[in-house]
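Trainee: What follows is a single structure, and I will ask about it in a moment.
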Amino acid sequence: MSHYSISELAAQFNVSTRTIRYYEEVGLLQPKRNKSGHRQFSKKEMTQLQLIFRGKKYGFNLEEIKEMVLLFEEDPTGKEQLKCTIEYGEDKIHEVSKRIQELEQMKNEMEQFLQVFHDELNQLEEE
């Protein structure tokens, strides 16, 4: 079984070692320690880090990510993890869709204002 040091994982994910230690502190990762006390990360922790960074990319907070990641510990079949991920994912899609609507509305309002400003400028230049 391959083991990775904290600096190897930090380099692979382009994050600081402090970031990985923080995820350990909040209970997202539980690496083993060697006889010298150094952290040894397995393929499992590497996969968990991939899930953490994917969750962050899609806007999930750490508590949501933690619940999704740690559910696999409770249910190795992955069924509960998938159910939870689907639920959070559907909520996130709704949230993103709402934000897109708000941004589209803002864009339309700005375009209307710009048109009014262009018209006003044209009138002023014609005078």
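Trainee: Out of all the residues in segment 51-73, which are of a type in the set (A, V, I, L, M, F, W, C) and either under 13 Å from D91 (Cβ atoms) or assigned to a loop (DSSP other than H, G, I, E, B) (or both)?
Mentor: F60, M68
Trainee: Okay, next question. Identify the residue in segment 1-35 that is of a type in the set (K, R) and closer than 23 Å to E67 by Cα and, among all such residues, is surrounded by the most Cβ atoms within 10 Å (Cβ to Cβ).
Mentor: Filtering segment 1-35 for residues that are of a type in the set (K, R) and closer than 23 Å to E67 by Cα, the one surrounded by the most Cβ atoms within 10 Å (Cβ to Cβ) comes out as R21.
Trainee: Let me ask you something else. Which residue out of H118, H94, H38 is open to solvent by 50 Å² or more (accessible area, probe 1.4 Å) and closer than 21 Å to A10 by Cα?
Mentor: The match here is H38.
Trainee: Does Q48 satisfy being at negative phi, part of a helix (DSSP H, G or I) and open to solvent by 50 Å² or more (accessible area, probe 1.4 Å)?
Mentor: No, not satisfied.
The values are calculated or read from the model by the stated rules, or taken from the named source; none is laboratory data. From a predicted model like this one, the values you see are computed outputs, not experimental measurements. Cβ: placed from backbone, ideal geometry, glycine included. Neighbour counts: every protein chain shown. With ligands, DNA and RNA removed, areas are computed over all heavy atoms of the protein, side chains included. Shrake-Rupley method; radii C 1.70, N 1.55, O 1.52, S 1.80 Å.
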